[in-house]
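One structure is given here, and the rest of the page talks about it.
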Amino acid sequence: MTETNNVSSQFQDVSRRELRELVRNQLQSLLEQGDLQGAKAILEPVQPADIAEAIEGLPEAMQAIAFRLLSKSEAIEVYEYLDSSVQEALIVEFKSQDVLDIVDKMSPDDRARLFDELPAKFVTRLLEQLSPAERQATAQLLGYEAGTAGRIMTPELISLKENFTAAQALERIRRLANATETIYYLYVTDAARRLTGILSLRELVTAQPQQTIGEIMTREVVFVYTDTDQEEVARLIQRYDFLAVPVVDREQRLVGIITVDDVIDILEQETTEDIYALGGGVQSGGDNYFQTDLITVARKRVVWLFVLLLTNTVTGTIIRSEEEILQKVVTLAAFIPLLTGTGGNVGAQSSTVVIRGMNTDEIKALGPLQVIVREAIAGALLGTMLGSIATVWSYFLQGSWLVAIAVGMSLVAISILASVSGSALPFLFRLIGLDPALMSAPFITTAVDVLGVLIYFNLARAILRL
């Protein structure tokens, strides 16, 4: 007990980040020494989420050992915070009964998320061994399409009837509180389980004991359907600052709720995928990128790099076809990287703000055409400013105003082209059902490189009269 108190006092004055690092380092050191009692004492005062992160940072051989030091109730809570790859690895290490004890006690939505990551045969075997109630709840969630509200909801909730008194409702909450994910929002249903109202726990507690639920509930309920996209659910909860939102089927029957912690996970996942995609077509696949083996990483990244390789080949072919003008004015070649590089950056900026606006609905009121025109004007302004500087700089570098003017005018044209491409392509890809974040980057690079070089040489030919 004294050892545990010493550990607790040691953690009091450190930040959360330092705490997680301290726990991981000390846990690994104690496990390497074989001091299991000391390792167990280290984990006792630590929050489940921090324990999960500490276990994830351990060498793979130590993760199962550290996890087995936890009590059964704590292990269930910690397991839900672990990365899916670590969850899978631990399942392989556990005995069948250990796995079943953990999986059966998980909340249905977390269990469904785990089953999405496991091989089908393994999922079938686990489903057969779950208790009947948990098997039915999990099968219900797995029956909904991935990425929808039905797939991420939890059916664990408390429903009330309009004729309940406040006292009766509080008694029902006391009985069922441990079997539900949250009690802060209470949902009212009729005899057919159709959602008719909502009230908060605060409203219930402050009501008179004999008041009926029908008298104090709110009848205008914000809800989502089971087939609503998970991103739309996340935006709705974010917009209204909800702790949870009810999920109904097409007959308006209440089937579950989605809580804010699930929404945070969704937002993080979607943002991560978009950032990876904007970084040049890197597909995360929902896995932790830095825990994915390098062969898989290379396979995911090579596709778009191959596309860019072909693009550069086309650009090189165009440059070779202009060999005659390059032989007459060799200095033109020196400015090609400047033009294509600047155009690529301008296009990336436009596509980034447009894709982010799509995800947050900030550009919904403007419409595609207005957004594209706005970005084209922005591109023209950027091109004018950069082109003016590039014209003067080009003249000082090689001493010809004609070449300098060709470079400056090309930069203006390429900036407009890049802005239009960067803003228009995301709308086009979304229209045909493709991921704008994933598809835009390589195609913007292609458009800017190929068309930019063509614009440059044609303007140079016209200005220099070659």
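The values are calculated or read from the model by the stated rules, or taken from the named source; none is laboratory data. Everything numeric in this text was worked out from a predicted model, so none of it was measured. Counting neighbours? That spans all protein chains shown, and the Cβs are built from the backbone with ideal geometry, glycine included. The area values use the complete protein model at the heavy-atom level, side chains included, leaving out ligands, DNA and RNA. Shrake-Rupley method; radii C 1.70, N 1.55, O 1.52, S 1.80 Å.
Descriptive notes on the structure:
- Within the range 391-420, being open to solvent by 10 Å² or more (accessible area, probe 1.4 Å), within 44 Å of the chain's Cα centre (by Cα) and modelled with pLDDT under 90 holds for one residue alone: W393.
- When the range 144-166 is filtered for residues that are among the hydroxyl-bearing types (S, T, Y), farther than 16 Å from A244 by Cβ and either surrounded by fewer than 19 Cβ atoms within 10 Å (Cβ to Cβ) or out of contact with any helix residue (DSSP H, G or I) (no Cβ under 9 Å at 6 or more places or on another chain) (or both), only T165 remains.
- Evaluating L204 against the criteria (1) part of a loop (DSSP other than H, G, I, E, B); (2) more than 34 Å from the chain's Cα centre (by Cα) leaves one unmet condition, (1).
- In the set I377, I372, I355, only one residue is loosely packed, with under 14 Cβ neighbours inside 10 Å and part of a helix (DSSP H, G or I); that residue is I377.
Each row is one residue, and each column tells you yes or no for (1) closer than 24 Å to T148 by Cα; (2) among the hydroxyl-bearing types (S, T, Y); (3) assigned to a helix (DSSP H, G or I).
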residue	(1), (2), (3)
N178	no, no, yes
Q208	no, no, no
V222	yes, no, no
E231	yes, no, yes
R239	yes, no, yes
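- Test: L58 is farther than 19 Å from D101 by Cα and out of contact with any Asp or Glu (no Cβ under 9 Å at 6 or more places or on another chain): yes
- Selection from the range 346-377 of residues that are closer than 17 Å to A447 by Cβ and out of contact with any Ser or Thr (no Cβ under 6 Å at 6 or more places or on another chain): A348, Q349, T352, I355
- The requirement of being part of a loop (DSSP other than H, G, I, E, B), within 18 Å of I257 (Cβ to Cβ) and out of contact with any Phe, Trp or Tyr (no Cβ under 8 Å at 6 or more places or on another chain) is fulfilled somewhere in the range 157-166, by at least one residue.
- Of everything in the range 167-206 that is farther than 23 Å from R250 by Cβ and touching a Ser or Thr at 6+ places or on another chain (Cβ under 8 Å), the residue that is surrounded by the fewest Cβ atoms within 10 Å (Cβ to Cβ) is Y184.
- Any pair with Cβ under 8 angstrom, 6 or more apart, that starts in the range 242-263 at a residue that is within 11 Å of L157 (Cβ to Cβ) and open to solvent by 10 Å² or more (accessible area, probe 1.4 Å) and ends at one that is of a type in the set (G, A, S) and assigned to a strand (DSSP E or B): L254/S159
- Annotation: D229 fulfils all but one of (1) at pLDDT below 85; (2) of a type outside the set (S, T, N, Q); (3) open to solvent by 10 Å² or more (accessible area, probe 1.4 Å); the unmet one is (1).
- If you go through the range 299-346 and keep only what is open to solvent by less than 20 Å² (accessible area, probe 1.4 Å) and over 16 Å from L454 (Cβ atoms), you end up with just V346.
- Taking the range 380-390 as the range and being touching a helix residue (DSSP H, G or I) at 6+ places or on another chain (Cβ under 8 Å) and either closer than 20 Å to A447 by Cα or open to solvent by 30 Å² or more (accessible area, probe 1.4 Å) (or both) as the test, the residues that pass are A380, L382, G383, T384, L386, G387, S388.
- Selection count, the range 370-384, where residues are touching a residue at least 12 places away in the same chain (Cβ under 8 Å) and within 20 Å of L451 (Cβ to Cβ): 9
- Of all the listed residues (S9, S29), the sole one being modelled with pLDDT under 80, farther than 22 Å from D110 by Cα and either over 26 Å from the mean Cα position of the chain (by Cα) or open to solvent by 50 Å² or more (accessible area, probe 1.4 Å) (or both) is S9.
- Pick from the range 438-466, criterion out of contact with any helix residue (DSSP H, G or I) (no Cβ under 7 Å at 6 or more places or on another chain) and closer than 24 Å to G316 by Cβ, ranking: least open to solvent (accessible area, probe 1.4 Å): A462
- Residues that are open to solvent by 20 Å² or more (accessible area, probe 1.4 Å) and under 17 Å from A378 (Cα atoms), drawn from the range 421-437: A424, L425
- Residue that is farthest from L434 (Cα to Cα) [pool: residues in the range 358-369 that are surrounded by 13 or more Cβ atoms within 10 Å (Cβ to Cβ) and touching a residue at least 40 places away in the same chain (Cβ under 8 Å)]: P368
- Where helices (runs of 4 or more DSSP H) fall wholly inside the range 44-132, the ranges with 2 or more residues that are open to solvent by 10 Å² or more (accessible area, probe 1.4 Å) and under 27 Å from L157 (Cα atoms) are 48-56, 72-81, 84-93, 96-105, 108-117, 120-129.
- Meets criteria (under 20 Å from V329 (Cα atoms) and at pLDDT 90 or above) for M385: no
- None of A137, A169 is free of Cβ contacts under 8 Å to residues at least 40 places away in the same chain and either touching a helix residue (DSSP H, G or I) at 6+ places or on another chain (Cβ under 7 Å) or assigned to a loop (DSSP other than H, G, I, E, B) (or both) except A137.
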